[in-house]
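Chemist: Below is the structure I would like to discuss, written out as structure tokens.
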Amino acid sequence: MIDVDLIQQCADPRLEVAIVQQFVVEMNAPDHLTIRVFQGEKMILVPAPKSAEEAVETTRQWVGKANVRVGLTQYPAGLGIADAAEIGLELFDTCENLRLGTELFGKVLRIVGERDEEGEASQFEMAVKAYFTGWFEGEQVFYADEPDKAHFAVSRPADMGLPQSESMTEQIPIDSSDPNAAGIRVDLSILNLPLKN
């Protein structure tokens with residue numbers, strides 16, 4: 001199981017540690033130099049690299065010809081690049097691979113969560129499948145728009161660990177005819193933010 005300290009240091013902080021651990025388990029990569037090459041449904045066996053430099057060279061040979069997945073998160077190596085020469089050692093750095101993979105998986109998980117109401121377990125499984133294939137509901141999920149952040153910002157009070165009286169969703173009566181009647185919802189004065197010119 002991947003180390004919690006590594007997750008906290010490197011993974012997308014929007015994902016819970018347990019989700020990241022399960023995601024890495026699902027990717028089933030033995031180590032940070034793991035390379036898997038797929039052409040359609042067929043997996044092509046490539047020599048196991050002995051160094052990050054070898055891993056980069058092998059990846060560059062296959063990107064553009066096949067679906068190449070690398071590292072602990074099985075990150076899609078060709079994503080967002082125009083030339084295989086752009087592939088560098090960072091894909092095989094454990095921390096950087098974990099950051100890239102969890103950011104991408106988090107996006108996929110949010111897309112699946114926005115469109116599916118089946119429940120968290122089902123959403124996770126569907127997101128893993130979409131991450132692995134690159135497709136969800138007939139579209140290339142990696143290139144899909146990020147879901148509306150406001151959609152995910154609202155949580156039920158029980159999920160937030162707040163007593164009902166402190167709920168962010170608590171209804172406060174407001175006299176809409178008087179703009180000064182609305183109370184302060186969040187006091188930002190304690191943040192001591194610098195003023196912009």
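The values are calculated or read from the model by the stated rules, or taken from the named source; none is laboratory data. Only a predicted model underlies this, so the values are computations on that prediction, with no experimental measurement involved. Using ideal geometry, Cβ is built from the backbone for each residue, glycine included, and neighbour counts are taken over all protein chains shown.
Chemist: Looking at the range 54-63, can you tell me whether even one residue there is in a strand (DSSP E or B) and within 23 Å of the chain's Cα centre (by Cα)? Give the derivation first.
Modeler: Going through the range 54-63, the residues in a strand (DSSP E or B) turn out to be 63.
Next cut, within 23 Å of the chain's Cα centre (by Cα) only: 63.
The answer is yes; a qualifying residue exists.
Chemist: When the range 14-24 is examined, which residues are found to be in contact with a helix residue (DSSP H, G or I) (Cβ under 9 Å, 6 or more places away or on another chain) and either within 16 Å of Thr94 (Cα to Cα) or without any contact (Cβ under 8 Å) to a residue 60 or more places away in the chain (or both)? Before you say what the answer is, go through the steps one by one.
Modeler: Taking the range 14-24 first, the residues in contact with a helix residue (DSSP H, G or I) (Cβ under 9 Å, 6 or more places away or on another chain) are 14-15, 17, 19-24.
Within the range 14-24, Val17, Val20, Gln21, Phe23, Val24 meet the criteria.
Chemist: Based on this model, can you work out whether Ala55 counts as over 21 Å from Val128 (Cα atoms) and surrounded by fewer than 18 Cβ atoms within 10 Å (Cβ to Cβ)?
Modeler: no
Chemist: Which of the following residues is exposed (fewer than 10 other Cβ atoms within 10 Å of the Cβ), in a helix (DSSP H, G or I) and modelled with pLDDT under 95: Ala121, Ala158? Lay out the reasoning, then the answer.
Modeler: On the way: Ala158 fails: exposed (fewer than 10 other Cβ atoms within 10 Å of the Cβ).
After applying the criteria, what remains is Ala121.
Chemist: Please enumerate the residues belonging to the range 1-51 that are farther than 17 Å from Arg99 by Cα, among the small types (Gly, Ala, Ser) and either surrounded by 13 or more Cβ atoms within 10 Å (Cβ to Cβ) or touching a His at 6+ places or on another chain (Cβ under 8 Å) (or both).
Modeler: Ala48
Chemist: Which one of the conditions (1) touching a Leu at 6+ places or on another chain (Cβ under 8 Å); (2) under 17 Å from Thr133 (Cα atoms); (3) in a loop (DSSP other than H, G, I, E, B); (4) not hydroxyl-bearing (Ser, Thr, Tyr) does Ala48 fail to meet, given that it meets all the rest?
Modeler: If we test Ala48 against (1) touching a Leu at 6+ places or on another chain (Cβ under 8 Å); (2) under 17 Å from Thr133 (Cα atoms); (3) in a loop (DSSP other than H, G, I, E, B); (4) not hydroxyl-bearing (Ser, Thr, Tyr), just (2) comes out false.
Chemist: May I pose another question? Report, by residue number, each residue of the range 58-87 that is over 25 Å from Val128 (Cβ atoms) and of a type in the set (A, V, I, L, M, F, W, C).
Modeler: Hits for the range 58-87 are Ala82, Ala84, Ala85.
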